[in-house]
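Have a look at the structure below before the remarks.
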């Protein structure tokens, strides 16, 4: 049986562009131990339906359990404070097909 991959999907509105780079610089060290793979981090986008923010992120994990564990890890919980201080948005952890 193959384990389904899982994803962090974030749609962020950066509210403090001077502070947000601190989160970008710190988050890779916190998520790397969980095998996180960045698939989308910013970049060109189109918004055909509804508001989504001005920054989009998609991170892949080998399993739903690893994605959940990474988010709730002490290391990431310290780093996520930087994102919360510099942005607002939506963040979801989903299992792939």
### Message
Take the residues in the range 66-90 that are over 19 Å from residue 17 (Cα atoms) and out of contact with any strand residue (DSSP E or B) (no Cβ under 8 Å at 6 or more places or on another chain); name whichever of them is surrounded by the fewest Cβ atoms within 10 Å (Cβ to Cβ).
### Response
74
### Summary
Given the conditions (1) under 21 Å from residue 13 (Cβ atoms); (2) surrounded by 12 or more Cβ atoms within 10 Å (Cβ to Cβ); (3) without any contact (Cβ under 8 Å) to a residue 40 or more places away in the chain, every one holds for residue 46 apart from (2)
### Query
Quick check: is even one residue across the range 57-66 assigned to a helix (DSSP H, G or I), in contact with a helix residue (DSSP H, G or I) (Cβ under 9 Å, 6 or more places away or on another chain) and either at pLDDT 95 or above or closer than 30 Å to residue 2 by Cβ (or both)?
yes
### Residue in the range 18-35 that is in contact (Cβ under 8 Å) with a residue 12 or more places away in the chain, farther than 21 Å from residue 85 by Cβ, under 10 Å from the mean Cα position of the chain (by Cα) and surrounded by 13 or more Cβ atoms within 10 Å (Cβ to Cβ) present
no
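The values are calculated or read from the model by the stated rules, or taken from the named source; none is laboratory data. Everything quoted here is computed from the prediction, not taken from an experiment. Cβ: placed from backbone, ideal geometry, glycine included. Neighbour counts: every protein chain shown.
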